[in-house]
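Structure first, commentary second.
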Amino acid sequence: MHFVLHRAKKKLQAIIVKVSDWAIFIGIVLIGGLGSSYYMVSVGSALTTRTVGPWKTWTHAGRNDADPYTRAHFARAGRLNLTTEIAQTYLASHDSKGRRLHSSCVYRISGDQLDARWWSITALNDLGQLIRNPSRRYSFTSDTIAVSQDGTFEVTLARDARPGNWLPTAGAGRLAVSMTLLEGEAIIAGDSEAQAAEINLPSIERVACR
């Protein structure tokens, strides 16, 4: 009787070990799959996004042939972007040195006139919303921005009023900057020349922090 119980116990232990191994394997597969899917939807990859300095764009946003990750990214964000066949929308959440944008700091966005029929630069909070402010300043466009004689421009992000092209950041905390180019040179040139045409994007420099 003791021998039978011993054998049954050994078999039960073997079954438990096998079940545990399978449970661990399935857990790794599920966690890995869900984790990689979450990353692809949230951050993207070289197949779905293009990065130019601090700026990132989803290359197939708003298109009928967009991949599932791009569709899921904008569905989760609740945003309806213009199709990349006519416009490019870039988002920056870090400055040109890779530091997270925050309303406790002052930033200078500077560059040459952008190669597009029309463009805009907008300050947003970390949720992608406009930042409420008494001045009701939210964005500058190619039609409203003050440009220097040499064709360059500067936009200042700061809590307090600043001369020139100033966008208030109030107490928004983490910031993001959105830039939309309508019928830009990268679109007109086609995908094969897009990377070369996009090097003219503005830099984002942190000036000071409180």
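The values are calculated or read from the model by the stated rules, or taken from the named source; none is laboratory data. Here the structure is a predicted model, which is why all the values come from computation and not from measurement. No Cβ is skipped: glycine too gets one built from the backbone with ideal geometry, and neighbour counts run over all protein chains shown.
Looking at the structure I just gave you, is ARG76 exposed (fewer than 14 other Cβ atoms within 10 Å of the Cβ) and modelled with pLDDT under 90? Yes: the conditions hold for ARG76. For segment 84-119, filtered to residues that are under 15 Å from the mean Cα position of the chain (by Cα) and within 20 Å of PHE153 (Cβ to Cβ), the residue that is surrounded by the fewest Cβ atoms within 10 Å (Cβ to Cβ) is SER96. Would you point out the residue of segment 89-147, among those that are free of Cβ contacts under 8 Å to residues at least 60 places away in the same chain and charged (D, E, K, R), that is nearest to THR51 (Cα to Cα)? The selected residue is ASP126. If you go through segment 155-185 and keep only what is of a type in the set (D, E, K, R) and under 19 Å from SER104 (Cα atoms), you end up with ARG159, ASP160, ARG162, ARG174. Within segment 172-210, if we keep just the residues that are part of a loop (DSSP other than H, G, I, E, B) and either under 18 Å from GLY53 (Cα atoms) or in contact with a Lys or Arg (Cβ under 7 Å, 6 or more places away or on another chain) (or both), the residue that is modelled with the lowest pLDDT turns out to be GLU198.
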